[in-house]
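*Asks:* Sharing a structure, written as structure tokens. Questions coming.
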Amino acid sequence: MSSTPPTHHHLLLLAFLFPLLLQTLQVHSSNLNSTTHRKISSLRLQRIQRHLNNINKTPLLTIQSPDGDLIDCVHKRKQPALDHPLLKNHKIQRVASEMPKGMKVRENSEMGMQEWHRNGTLCPKGTVPIRRSTVHDVLRAKSLFDFGKKRRRFSLARSDAPDVVTGNGHEHAIAYTGSAQEVYGAKATINVWEPSIQVVNEFSLSQIWILSGSFDGSDLNSIEAGWQVSPELYGDTRPRLFTYWTSDSYQATGCYNLLCAGFVQTNSRIAIGAAISPISSPDANQYDITILIWKDPKIGNWWMSFGDGTLVGYWPVELFTHLATHATMVEWGGEVVNTRANGQHTSTQMGSGHFAGDGFGKASYFRNLEIVDTDNSLSSVHNILTLAENTNCYDIQSSYNNEWGTYFYYGGPGNSPQCP
């Protein structure tokens, strides 16, 4: 979709702003020692602004969130997804044709779990809320190409649990299904915390992965959703709802949230990338979010619901190769980046920063792990496998009971005398 040509007024404004922006720009994160000063060339700034003009669509209304975010209410037909070449004539699916058996569709239940709701203003009907990206957001990324993207996270040598290998700067504590299954979705309720992050280009996340394709090649398809703390992506350390997709092993396709064309949002109250509130505290109230991702059995799109069956949107089937039919593996759990900034293991926390053995009220958990089977039914997962590469830093313990079904505690503090 082409952007509107600049008016004379816009050109004058740019001419005025460029010299100011060319002076020292400050990239700041209040909770981390990550304030840097650098000069930005006008050419780079123009490239960044052009990219932002593509992804920040003209809003009908903008809502100022108490945490500093700007939430743009964009007409649903103008959202970034529809810029994708494969979605040129895409007709937005308003609701899923079928929920997994036993689930009810709620287009908009009352959602009190996002920071921007606090001032009481909601996006109008027919619009979707999109967190506005800024020049500073892009400048924190390694490059414009890297903005909004995950770096490749696994070694090509591994073929059983693709996202869990040491040596590439990513560490995990995950549960996963055995390979070679036909899976059509997954669900979990995920405990929300605010783990501390050591340096700005590290993150800590807790998510579901829906996977298919060859784990030792360049065609892995992945759909992901959960919460993450990422100072690089968001400029702060608040836990935020996020989504991700790729159809080529995190190389060129896909992105976080709505930072590229792909995910089609249908909900007017949930902003992907917005801060989650409230969050859990040790030995106090525990808060969690429920995420379900499943393949619409009639249309083929992969839908996401949040909370008690509230539809958020979907990944169109056209985006994928292997996931166009079904998934072969599901993973649930935590992931951190370990850059070894000081030659030591990072002190970035996973989950709550407590090890699994500390249990409820201290350790973070995933509960009620379920998968969607061939006849679109949700069933509790049994016989899950668990893996953590370095249990002195982060670990995982799974179990089962009648109330929580299959569940696990996971996480850890990172750097310590046992995790040098």
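The values are calculated or read from the model by the stated rules, or taken from the named source; none is laboratory data. These numbers come from a predicted model, not from an experiment. Every residue, glycine as well, gets a Cβ built from its backbone with ideal geometry; the counts of neighbours run over all protein chains shown. In case anyone asks, the SASA skips ligands and DNA or RNA and just uses the protein heavy atoms, side chains included. Shrake-Rupley method; radii C 1.70, N 1.55, O 1.52, S 1.80 Å.
*Asks:* Might you check whether a residue that is of a type in the set (Lys, Arg) and in contact with an Asp or Glu (Cβ under 8 Å, 6 or more places away or on another chain) occurs anywhere in segment 363-382?
*Replies:* Yes, segment 363-382 contains at least one residue that is of a type in the set (Lys, Arg) and in contact with an Asp or Glu (Cβ under 8 Å, 6 or more places away or on another chain).
*Asks:* Next question, about the same structure. Only one of Thr310, Thr266 is on the phi < 0 side of the Ramachandran plot and modelled with pLDDT of 95 or more. Can you tell me which?
*Replies:* Thr266
*Asks:* If you don't mind, another one. Among strands (runs of 3 or more DSSP E) lying entirely in segment 370-417, which contain 2 or more residues that are closer than 27 Å to Thr348 by Cα and modelled with pLDDT of 95 or more?
*Replies:* Working: elements: 378-380, 385-388, 395-401, 405-411.
Result: 385-388, 395-401, 405-411.
*Asks:* How many residues, within segment 223-255, are under 16 Å from Gln349 (Cβ atoms) and either β-branched (Val, Ile, Thr) or at pLDDT below 95 (or both)?
*Replies:* 2
*Asks:* Right, next: Looking at the structure I just gave you, is Val330 of a type outside the set (Asp, Glu), touching a Pro at 6+ places or on another chain (Cβ under 8 Å) and within 30 Å of Arg94 (Cβ to Cβ)?
*Replies:* no
*Asks:* Kindly provide the set of residues from segment 53-76 that are over 19 Å from Asp236 (Cβ atoms), open to solvent by less than 50 Å² (accessible area, probe 1.4 Å) and aliphatic (A, V, I, L, M), ordered by number.
*Replies:* Within segment 53-76, Ile55, Val74 meet the criteria.
*Asks:* Where in segment 172-282 are there strands (runs of 3 or more DSSP E), lying wholly inside it, with at least 3 residues that are in contact (Cβ under 8 Å) with a residue 12 or more places away in the chain, open to solvent by less than 10 Å² (accessible area, probe 1.4 Å) and within 30 Å of Lys88 (Cβ to Cβ)?
*Replies:* In segment 172-282, 204-212, 221-229, 240-246 are the strands (runs of 3 or more DSSP E) which contain 3 or more residues that are in contact (Cβ under 8 Å) with a residue 12 or more places away in the chain, open to solvent by less than 10 Å² (accessible area, probe 1.4 Å) and within 30 Å of Lys88 (Cβ to Cβ).
*Asks:* Pairs under 9 Å by beta carbon, first residue within 26 Å of Asn221 (Cβ to Cβ) and assigned to a strand (DSSP E or B) in segment 328-347, partner hydroxyl-bearing (Ser, Thr, Tyr) and open to solvent by 50 Å² or more (accessible area, probe 1.4 Å), six or more apart or different chains?
*Replies:* Within 9 Å, the pairs are Met329/Ser179; Gly333/Thr386.
*Asks:* Next up: For Arg132, indicate whether it is open to solvent by 40 Å² or more (accessible area, probe 1.4 Å) and at pLDDT 95 or above.
*Replies:* When the stated conditions are applied, Arg132 passes them.
*Asks:* Looking only at segment 384-416, which residues are within 18 Å of Pro195 (Cβ to Cβ), open to solvent by less than 50 Å² (accessible area, probe 1.4 Å) and of a type in the set (Val, Ile, Thr)?
*Replies:* Ile396
*Asks:* Mind listing whichever residues of segment 119-150 are farther than 17 Å from Lys57 by Cβ, in contact with a Gly (Cβ under 9 Å, 6 or more places away or on another chain) and not in a loop (DSSP other than H, G, I, E, B)?
*Replies:* Selection gives His136, Arg140.
*Asks:* Sticking with this one: Only one of these is more than 22 Å from Arg151 (Cβ to Cβ) and in contact with a Gly (Cβ under 7 Å, 6 or more places away or on another chain): Ala363, Ala327. Name it.
*Replies:* Ala363
*Asks:* A follow-up question, please. Just wondering, is there one or more residues in segment 292-307 that are modelled with pLDDT of 95 or more, assigned to a strand (DSSP E or B) and open to solvent by 10 Å² or more (accessible area, probe 1.4 Å)?
*Replies:* yes
*Asks:* Follow-up question, since we're still on this one. Could you grab me the full set of residues in segment 318-356 that are within 22 Å of Ser230 (Cα to Cα), of a type in the set (D, E, K, R) and surrounded by fewer than 24 Cβ atoms within 10 Å (Cβ to Cβ)?
*Replies:* Selection gives Arg340 alone.
*Asks:* For segment 299-315, state whether one or more residues are aliphatic (A, V, I, L, M) and within 26 Å of Ser398 (Cβ to Cβ).
*Replies:* yes
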